[in-house]
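The values are calculated or read from the model by the stated rules, or taken from the named source; none is laboratory data. What you see is a predicted model; the values in this text were computed from it and never measured. Ideal geometry is used to build each Cβ from the backbone, glycine not excepted, and the neighbour counts take in all protein chains shown. Keep in mind that these areas ignore ligands, DNA and RNA; they rest on the heavy atoms of the full protein, side chains included. Shrake-Rupley method; radii C 1.70, N 1.55, O 1.52, S 1.80 Å.
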2 protein chains.
Amino acid sequence: MDQPSSSRPEEHVSIPDLTGVHPAWLPPGVFRAIGARRVLVLGDGPLTGTVRAEAEQACARHGGALEQDGTGSPDLVLALSAAAGQTPAARELLAGQGGSAVGEEGYLLARRDGVTVVLADDSAGLLYGLFHVVRLGEEAFTGERPAERHRPAARRRMLDHWDNIDVHPVMGQVERGYSGGSIFWRDGGPRGDLARVRAYARLLAATGVNAVTVNNVNVHATESRLLTDRLGDVAAIADEVRPYGIRVHLSVSFASPIRLGGLPTADPLDERVREWWARTTEQVYAAIPDFGGYVVKADSEGQPGPFAYGRSHADGANTLADALAPFGGVVHWRAFVYNHRQDWRDRSTDRARAAYDHFAPLDGRFRDNAILQVKHGPMDFQTREPVSPVIAAMPSTRLAVELQVTQEYTGQQRHVCYLAPMWKEVLGFGPWGADGRTVADVATGASGDGGGLVAVSNVGDDFYWTGHPLAQANLYAFGRLAWDPRLEPAALLDEWIDLTFAPAAGGDPGPLRRTLHALMDGSWRTYERYTAPLGVGFMVRPGHHYGPDVDGYEYTPWGTYHFADRDGAGVDRTRASGTGFTGQYPRPWSEVYESLGTCPDELLLFFHHVPYGHVLRDGATVIQHIYDTHFAGVEEVAESRRLWERADPGDPALHARVKELLDEQLRCAEEWRDQVNAYFFRRSGVPDARGRRIP
Amino acid sequence: MDQPSSSRPEEHVSIPDLTGVHPAWLPPGVFRAIGARRVLVLGDGPLTGTVRAEAEQACARHGGALEQDGTGSPDLVLALSAAAGQTPAARELLAGQGGSAVGEEGYLLARRDGVTVVLADDSAGLLYGLFHVVRLGEEAFTGERPAERHRPAARRRMLDHWDNIDVHPVMGQVERGYSGGSIFWRDGGPRGDLARVRAYARLLAATGVNAVTVNNVNVHATESRLLTDRLGDVAAIADEVRPYGIRVHLSVSFASPIRLGGLPTADPLDERVREWWARTTEQVYAAIPDFGGYVVKADSEGQPGPFAYGRSHADGANTLADALAPFGGVVHWRAFVYNHRQDWRDRSTDRARAAYDHFAPLDGRFRDNAILQVKHGPMDFQTREPVSPVIAAMPSTRLAVELQVTQEYTGQQRHVCYLAPMWKEVLGFGPWGADGRTVADVATGASGDGGGLVAVSNVGDDFYWTGHPLAQANLYAFGRLAWDPRLEPAALLDEWIDLTFAPAAGGDPGPLRRTLHALMDGSWRTYERYTAPLGVGFMVRPGHHYGPDVDGYEYTPWGTYHFADRDGAGVDRTRASGTGFTGQYPRPWSEVYESLGTCPDELLLFFHHVPYGHVLRDGATVIQHIYDTHFAGVEEVAESRRLWERADPGDPALHARVKELLDEQLRCAEEWRDQVNAYFFRRSGVPDARGRRIP
């Protein structure tokens, strides 16, 4: 998937060099190994200019030289296959591969006779190859390297921004944003800070992300107009991110034909509606030739959708898909559809069932360019959920798996919570079916043509991009996992540490590496310990979702309950006696979750209602587990705080910021511990076996 | 207390005659009895013009005549004592009273030989006398009436508006307002709808209210400037309400010397600060000669106060009092001071104790024109609280008792909740001390010079003034009780019904009277039944305070807990084993509340933590009482709804509005019932003895 020609193809690409913003994982020093060499860039194509400009800037900074043609003796050759003939090293590598490199967005990397060669079939691959060399640093220029083939596991690697143009009276500039304002919008219009947008694109390209949705899936009045009379604002963003291989997508309202087109209906099967979408989409592509497509949240939490017309979600998605198809665009259609006006008294309705009930029967009815975007769990980005059964239920539909980088329910970027281990568990979930599939297999598809991975971004106009400086690692890890779901969280953390902290430390972050691993490797499980026991979710303050409120959602219409009483807690989702949700899973999981004997403890209360005396696999009762994990979680945060006191990230301001946030994390963790323990102690009457204070 | 001369003394008073606004208790028909007569108004003085204009308009409408001098044979004489000599009927009445009528704001009413006479020493009294005749209607012109003396029990009868000028991002235009926008302010400036302001003043005068605070006690940036460069906005309101005997008061920020004066401090003992207040206050009186004074919320819920300078609240109040004294103004200093950042784990701190702990030691240290404004209960306007012990603890301080007409915690003007019975209980609370005092005695003072009654208004720019049409009765009853705390709620309801509904019904509201009594007389207790059992408060949704959330405030810093666990509920506030709050009461109440044997059941959980099996005086256990009252409360609402279906208030729109609100009330009452019952059933495990469904 090479990039369509840019609207400004010949322009010199300017590399953003921001002051007043943290460089994240691309401080100038990470280009030292490249910049100290003689570098040759060969080939044409829109992103080749970017590669050349990056190499040029690096060489200017670090004493190397950008060679102008293949006649010299470069240390590093970055060449499109079509131009490989211009220098021996590339020519030989290509010949050794049978004449073609590696396909869309991929690259070959090899080193022989003192020359490091990156070879790609398209300029996007060349750019990703460049960033691979950046990650390798000096290692890329040491010894011999047999040819390695790199290709993204999935062609679609997208970040969704829940950014509003108008500041929403409740949700603010960025819905569920914890990093200040939007990098795209402010107070009703574009920010105009395009250098920062480009710097963002560059950071994303270095991780492998290639698509961004620039506005909230909850599309309000002003935002809906991005599709028509405010399209120029989108085109301006597209111009900035294009040099880094990133396409722009747009969240649109299903009711656009009414809101914007003046039609009396948005019925997806109405010919006027279909024409309106076709014509409107044509205009979008006239302005943005490489436009990615639409994102739609329909019939969900108050957003309009096809149900109003008695149509299915396949009907809805296909109408938009048909409008996009002539231009190569896609529609991401979200499967997050449930009844948010549920009667809490009614224990037979189960929100966890909703997406499957709505969508599984539609398998095979979606167009090829309609991607069903499924949240990784059946509920809503809780700290611990099982994997959504929809992911295993629609083999004839292109599915994207949606993750949440922004830490809505996982500490809101005030808590350290490295999410890659959670995502890794999700992506590795399985196997099921005759071919032993996993979630990653579904997302990537047989040959990279799956729906891919999508995540809600955690970026804002904060100095550190992500509020909490360590939350940068989540953004980094998401991009890398979207490129290759087989990567290991601890290894990704090392990559991120090396890029972010090594240059300032003269190449080796030293003891900081150990501290960061100690703080971050287990931080998701630490967060789980001091917050939500055994798969229970939504014990958060309604509305803002920060901090504990055990009964906060218990008597609400949101379908998010734990049913704790004086005897026990949890939701019976079995087929035998509960809501039957377990039956939505394929074997063996339908059986694993159904039985108390096999259901994993960490999901126990998600699938079963058990007495507080129920004994877990480690021998502790449920109630004692609640006490123990809450005390332990707080201790772990306290230990992180102690470790960080002594850490030296080579940046006093960053050290101070993280220290301040760890103070808040500890305060909040203690609040969680005390409220959750007090709640369950008051309900159960069972004292802590170790006699600790429960208020 | 006659009104100082108006800034427009000679101007003709225009009677507001609004369309598009409900006339509340002054529909034109209530003036029929007066307007059909020959009326003589005698005397000068600022409000005499209002009395004359009212009589003139009434006569013009209903066929009577306003006589120009005492030479005719009037049916109704309204005369100042000084002018009583001008007509025989008034002269004789005055002579029979020994030459003086009845003092400030009072009036004499008599009927002899076919002439009804109202005689007053000041023009305010004449106006109140006029409205008395309005209330009497034809009865005022029937038979003979021996002379009756009427005087307000307290000279200070004030409504506080928690209206903001700028729309507050969380609290809106009116904090805790449930009747639309403000009648004074909109979107950052004055509404300019002065006819409505005057109509409001007229309604208030008809109840006896004589003071209004025009802005929120939480004084934000724009609002603080009403004291200085936006004073003209206040003067414009003062001009409109003056013809109805109403003074304007202003909520001011204690930090005004810093915010507005540019001083480095607001220390009340700093000479620059004292001078600033003196100078500023002088300018206020130059613009508004009859300005009432200041209202201050200091060191409370984030507002600045004297604690920052190590000064007492007496120091703070006295500095403002000294600035006001030369002009006859007063400062209302709120006693609502408590720690709103309490640790919920700490059971020794008791918010109920706070006002007493802060203020009782200061008794006798406040200036004569400093009025300590004390909320009627120790917490915050809950459905049921004991009376604040502060009221009995400061015999040498002028105290005002603060009520809340706006239904923040009592249904938010979506529920019928006639509050006069609650206020009546509060006012009648006692006796204590050697002279057997009651709350009403404290508020009125020995001779009407107590701090009086203050209430938070429930009025907004809604068509019905008060959101719920029946909530008008609360506003009416407050004014009347402030005038005379001995009045009975049911009788006040009759007055209100007669004024509001009788004219349209041709004089007799008929069966509507019974329906309204059935809906309203017991509505406060009905509300209590389906919401907060046995004196427990704050089981409401945090923030907006509407609808149930049993644990909503249980683990917060607000000091508002119920401590329910699997065994029992309630707050131990005894001296024997609890927070000692009972010791703040005088005998006998310190003993009555201390002992489980004598503590009234309706306050049981306010003062004691008891097991669910504790048996109440009626033989029911606490848990069964919770179930029973919640089922009963909902039944009562359902019955109200049935009754209203068949009612005819002579106004289809009003009928429809109340019907709609009763639907919501029933829905919400069911929600309260089910959530509270479910919560306590899940905690206690005790089934309902009558086997009803608890979800």
Teacher prompt: residue A:395 distances to equivalent labels in other copies, 7 Å Cα→Cβ, nm = 9.1
What is the Cα centroid distance between the range B:558-606 and the range A:67-91, reported in whole angstrom?
-> 87 Å
Label distances, nm, residue A:236 versus same residue in remaining copies, Cβ-directed 7 Å point = 3.8
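Can you list the DSSP H helices in chain A whose Cα atoms extend at least 30 Å along the helix axis and whose mean Kyte-Doolittle hydropathy is -1.0 or higher?
Those that pass (Cα extent of 30 Å or more, hydropathy at least -1.0) are A:622-645, A:652-684.
Rounded to the nearest 5, what is the percent of antiparallel bridges among the DSSP beta bridges in the range B:28-150? It would help to have the intermediate numbers written out before the result.
Numbers: 9 of 21 bridges.
Around 45 percent antiparallel, to the nearest 5.
Sorted by mean Cβ packing within 10 Å, highest first, what order do the peptides B:597-603, B:239-245 take?
Details: B:597-603: 15.1, B:239-245: 24.3.
Going from most to least packed, we get B:239-245, B:597-603.
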Can you list, shortest first in nanometers, how far residue A:188 lies from the same residue in the other copies, with each label 7 Å from Cα toward Cβ?
-> 1.0
Kindly provide the helix-only [θ] at 222 nm of chain A, computed as the sum of -39,500 (n - 2.57) over DSSP H runs of four or more divided by all residues, to the nearest 500 deg cm²/dmol?
-> -10500 deg cm²/dmol
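Can you tell me the accessible area per residue over chain A, all protein chains present, probe 1.4 angstrom, in square angstrom? Present the calculation step by step, with values, prior to reporting the outcome.
On the way: 23050 Å² over 695 residues.
Solvent-accessible surface per residue comes out at 33 Å².
Roughly how big is the protein assembly as shown's charge dipole about its Cα centre, with Cβ charges of +1 (Lys, Arg) and -1 (Asp, Glu), in debye to the nearest 20? Mind dumping the intermediate values first?
Working: 140 positive and 180 negative charges, 210 e Å.
I would put it at about 1000 debye.
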The range A:274-309 and the range A:626-675 have their Cα centres apart by a whole-number Å value of 44 Å
Please say if the range B:157-487 is rounded, prolate or oblate, where rounded means a/c under 1.5 for a ≥ b ≥ c the square roots of the C-alpha gyration tensor eigenvalues, and otherwise the choice is prolate for a/b larger than b/c and oblate otherwise?
-> rounded
Heavy-atom accessible surface of the range B:157-487: percent carbon and sulfur, 1.4 Å = 48 percent
Sticking with the crude label model, points 7 Å out along Cα→Cβ, report the distance from residue B:191 to residue B:446 in nm, one decimal please.
-> 4.3 nm
Cα gyration tensor shape of the protein assembly as shown, rounded if a/c is under 1.5, else prolate or oblate by comparing a/b with b/c | prolate
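Just checking the output field for A:669-680: average partner chain Cβ neighbours within 10 Å of each residue's Cβ?
Values: counts 0, 1, 3, 0, 0, 4, 6, 1, 0, 6, 4, 0.
Taking all residues of A:669-680 together, the mean is 2.
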Name the residues whose placed amide hydrogens come within less than 5 Å of the amide hydrogen of residue B:445, ignoring near sequence neighbours (fewer than 5 apart) on the same chain.
-> B:450
Modelled label-to-label distance, residue A:18 and residue A:38, 7 Å Cα→beta-carbon offset: nm?
-> 3.7 nm
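How would you rank B:301-311, A:624-634, B:46-56, highest first, on the average number of other Cβ atoms within 10 Å across their residues? Show your work: numbers first, answer last.
Numbers: B:301-311: 16.2, A:624-634: 21.6, B:46-56: 23.5.
So the peptides B:301-311, A:624-634, B:46-56, ranked by packing, come out B:46-56, A:624-634, B:301-311.
What is the gain in length, in nm to one decimal, between residue B:664 and residue B:68 on full extension, counting 0.36 nm per residue of separation less the C-alpha to C-alpha distance?
209.2 nm
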Assign one of three labels to the range B:28-150, namely rounded, prolate or oblate, based on the Cα gyration tensor with a ≥ b ≥ c the square roots of its eigenvalues; rounded applies when a/c is under 1.5, prolate when it is not and a/b is larger than b/c, and oblate otherwise.
-> rounded
Within the protein assembly as shown, pairs of Lys residues whose Cα atoms are less than 25 angstrom apart, provided they are eight or more positions apart or on distinct chains, add up to 4
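Where in the range A:175-269 are there trypsin sites (Lys or Arg not before Pro) that are in a DSSP coil and have at most 12 other Cβ atoms within 10 angstrom of their Cβ? Walk me through the numbers on the way to the answer.
Details: sites: A:176, A:186, A:191, A:196, A:198, A:202, A:225, A:230, A:247, A:259; in loops: A:176, A:191, A:230.
Filter output for the range A:175-269: empty list.
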Output the relative contact order of chain B, whole-number percent, from Cα pairs under 8 angstrom with separation of 6+ residues.
-> 11 percent
For the range A:437-500, which trypsin sites (Lys or Arg not before Pro) are both in a DSSP coil and crowded by at most 14 other Cβ atoms within 10 Å?
-> A:486
Output row B,A: buried area (accessible, probe 1.4 Å, summed both chains) in Å², nearest hundred, equals 2400 Å²
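Per residue of A:559-569, count partner chain C-beta atoms within 10 Å of its C-beta, then hand back the mean as an integer.
2
Let me know the mean shielding of A:543-555 by other chains, meaning the per-residue number of their Cβ atoms within 10 Å of its Cβ. Please report the intermediate quantities before stating the final value.
Numbers: counts 3, 0, 0, 0, 2, 1, 7, 3, 9, 5, 0, 7, 12.
Average per residue, whole number: 4.
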Considering amide H positions built from the backbone, and no H for Pro or chain starts, which residues 5 or more places from residue B:65, or on another chain, come under 5 Å of its amide H?
-> B:37, B:38, B:39
Report P(r) for chain B: all Cα-Cα distances, bin width 20 Å, range 0 to the bin holding the largest distance, values in whole percent.
-> 18, 50, 29, 3, 0
The range B:28-150, dipole about Cα centre (Lys/Arg Cβ +1, Asp/Glu Cβ -1), debye to the nearest 20 | 300 debye
Approximate spin-label separation residue A:617-residue A:61, in nm, with each point projected 7 Å along Cα-to-Cβ | 4.7 nm
For the range B:611-646, state which trypsin sites (Lys or Arg not before Pro) are in a DSSP loop and have at most 12 other beta carbons lying within 10 Å of their beta carbon.
-> B:617, B:646
